[in-house]
Amino acid sequence: MVKRVVPEHSKSAVGRASKLVGKGNGTAAELEEARAVLSNFRSAHAFPLNAVTVTVRQKALAVNSNAVVAQRLKRLPTILDKLTRIPTMSVTTMHDLGGCRVVFEAVSEVDSLVEVLRDLTRARNRVTRVYDYLHEDPGPKKSGYRGVHLAYEYGASKKEYHGLRIELQVRTQLQHAWATAVETMDLFSGSELKYGKGDPEVIRFFVLVSSLMARQEGTSPVPGAEQSDEDLLDELARLEARLGIVGRLRGYAAIVNNHATSDRRNALTLELQRKEGELTVTVHESMADAEARLTELESRNDDDLDAVLVNIARISQLQAAYPNYYADTSMFTTFVKSRIKGSSRNAAR
């Protein structure tokens, strides 16, 4: 039986380690020790993450039996990078060290699940806050990101995990397609579009697509992209002609093969070599083996390597839950090409 990882350090100690890593002004030994403290705190979220996911999966499948439900721990390099970008931040304030994701077909299903989960008054793992990036509170982000996030705080039977936070993301397939395309661009090009950094025209391209998707789904438009469909499509067509985003995304997909067709295990590591476009999926005998492999990969400090540990009920759902690791942006590219082609102004050209 795999031993559960529990928090070994106080929150104040984790906070000190966060600031040390963020500012980067310690000795090599001190920084190594600080990273070990943060790694333990991150890994300790596996148990509460699983506890929250059990409830979420049950409720999500009741809404739609075809819903995709997956969970994963935030990558340690991502945590360290965020601390470097925001040196005053503490890992203890991050809501998404443990993340669960649900992908539905329609906005109505997203709304249904959120309503159900918010009303579970007897649940000991309680929803502390809802971030609605679909409607009006606060609405879509300026980057174009859309979805609904629920922040959880663990409070069930294992007291050693009390207070640990888990984030649930609920999206439609269209919203997920947009987020996947952005992450794929970042993975393969080294940009940081998801943080609002990069070529302003590329950022604008994704804002326009997101607003068109919002219009199709009947939700709030993205700030700064509230024009008519024809105006949005006209600007989008000009940017696509100049930037070739669709072609680039399709090129990424062409160099990545399909993997993981077995449903025998549910502990995997995904290793993506960005420059080569090579994806390696390893199915492990146990979660402990998967965690050990991830630790070994992260210790390499290889900027070209992107690695993640995934725990999913059915491996056949892996590509649906984490398509950016497969460069699967087909839904996004199909949406863009069909909308540009169907535009009356562009069809007349």
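The values are calculated or read from the model by the stated rules, or taken from the named source; none is laboratory data. These numbers were taken from a predicted model, which means no experiment stands behind them. Note that each Cβ is placed from the backbone with ideal geometry, even for glycine, and that neighbours are counted across all protein chains shown. The accessibility values were calculated without ligands, DNA or RNA, using every heavy atom of the protein model including side chains. Shrake-Rupley method; radii C 1.70, N 1.55, O 1.52, S 1.80 Å.
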Notebook entry, point to check: Does the range 200-209 hold any residues that are open to solvent by 50 Å² or more (accessible area, probe 1.4 Å) and either under 11 Å from V182 (Cα atoms) or in contact (Cβ under 8 Å) with a residue 40 or more places away in the chain (or both), and which are they?
Noted result: E201
Item checked: Checking L212 against (1) surrounded by 16 or more Cβ atoms within 10 Å (Cβ to Cβ); (2) closer than 30 Å to R242 by Cα; (3) under 20 Å from the mean Cα position of the chain (by Cα), the condition it does not meet -> (3)
Item checked: Qualifying positions in the range 112-136 - over 10 Å from H149 (Cα atoms) and of a type outside the set (A, V, I, L, M) -> S112, E115, R118, D119, T121, R122, R124, N125, R126, T128, H135, E136
Checklist line | strands (runs of 3 or more DSSP E) wholly inside the range 85-200 containing at least 2 residues that are of a type in the set (K, R) | finding: 126-132, 165-172
Next item on the list: Output yes when any residue across the range 99-114 is charged (D, E, K, R), at pLDDT below 90 and open to solvent by 30 Å² or more (accessible area, probe 1.4 Å), and no when none is.
Entry: no
Checklist line | All positions within the range 43-74 that are out of contact with any helix residue (DSSP H, G or I) (no Cβ under 6 Å at 6 or more places or on another chain), open to solvent by less than 20 Å² (accessible area, probe 1.4 Å) and part of a helix (DSSP H, G or I) | finding: L49, V52, T53, V56
Check: Applying the selection to the range 155-170, what residues are farther than 13 Å from D96 by Cα and in contact with a helix residue (DSSP H, G or I) (Cβ under 7 Å, 6 or more places away or on another chain)?
Finding: A156, K158, Y161, V170
Next item on the list: Consider P140 carefully, then state whether it is under 19 Å from the mean Cα position of the chain (by Cα), within 30 Å of L20 (Cβ to Cβ) and in contact (Cβ under 8 Å) with a residue 60 or more places away in the chain.
Entry: no
Check: Just to be sure, is E160 open to solvent by 60 Å² or more (accessible area, probe 1.4 Å), of a type outside the set (F, W, Y) and either over 22 Å from V69 (Cα atoms) or touching a His at 6+ places or on another chain (Cβ under 9 Å) (or both)?
Finding: yes
Notebook entry, point to check: What tally of residues in the range 115-130 results from selecting those that are over 11 Å from I166 (Cα atoms), open to solvent by 20 Å² or more (accessible area, probe 1.4 Å), more than 19 Å from the chain's Cα centre (by Cα) and not hydroxyl-bearing (S, T, Y)?
Noted result: 8
